[in-house]
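Before I ask anything, let me first share the structure, which is written out below as structure tokens.
The values are calculated or read from the model by the stated rules, or taken from the named source; none is laboratory data. The structure displayed is predicted, hence computed values, not measured ones. Because the Cβ atoms are built from the backbone with ideal geometry, glycine has one as well, and the counts that use them run over all protein chains shown.
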Amino acid sequence: MSFIALSIIVLVFPNTIAGYNTLTKEEKGKIKKKELARFLFIILFSVGIIIIIGAYIFVWLQVPYLNYILHPISYILMIIILFSNRKSFIDKTKRV
């Protein structure tokens, strides 16, 4: 549930993205803020939905302890996706 709430907060208030406020004006000008916020929304919302659906499926299958495996795997996948796409939101051609 917290990932879903965080995804909505990031989409509505893109300035809450970690590290964005520490950038200089020149660096902030190069960031595609709306695209980055939308991408983070999709990733965080997806992880939240996967965790919720996974919890219900594991309870239905009577193996709720598999949630202890699902959570770290989903977090690791989220981090890998975020780090592999981080440079696509920086506009190299824009000069401020």
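Does region 39-60 hold any residues that are free of Cβ contacts under 8 Å to residues at least 40 places away in the same chain and either touching a Ser or Thr at 6+ places or on another chain (Cβ under 9 Å) or loosely packed, with under 15 Cβ neighbours inside 10 Å (or both), and which are they?
Selection gives PHE41, ILE42, ILE43, SER46, ILE50, ILE53, GLY54, TYR56, ILE57, VAL59, TRP60.
Could you tell me how many of the residues in region 61-96 are touching a residue at least 12 places away in the same chain (Cβ under 8 Å), assigned to a helix (DSSP H, G or I) and exposed (fewer than 11 other Cβ atoms within 10 Å of the Cβ)?
0
For region 6-26, enumerate the residues that are within 18 Å of LEU82 (Cα to Cα) and part of a helix (DSSP H, G or I).
LEU6, SER7, ILE8, ILE9, VAL10, LEU11, PRO14, ASN15, THR16, TYR20
Here's another thing I want to ask about it. Report, by residue number, each residue of region 27-42 that is in contact with a helix residue (DSSP H, G or I) (Cβ under 6 Å, 6 or more places away or on another chain) and under 16 Å from ILE80 (Cα atoms).
If the condition is that a residue be in contact with a helix residue (DSSP H, G or I) (Cβ under 6 Å, 6 or more places away or on another chain) and under 16 Å from ILE80 (Cα atoms), then LEU36, LEU40, PHE41 are the ones that fit.
Exactly one condition in (1) loosely packed, with under 11 Cβ neighbours inside 10 Å; (2) at negative phi; (3) at pLDDT 90 or above is false for ASN15; which is it?
Only one criterion in (1) loosely packed, with under 11 Cβ neighbours inside 10 Å; (2) at negative phi; (3) at pLDDT 90 or above is unmet by ASN15, namely (3).
Would you mention how many residues in region 45-96 are closer than 15 Å to SER7 by Cβ and either out of contact with any Phe, Trp or Tyr (no Cβ under 8 Å at 6 or more places or on another chain) or β-branched (Val, Ile, Thr) (or both)?
11
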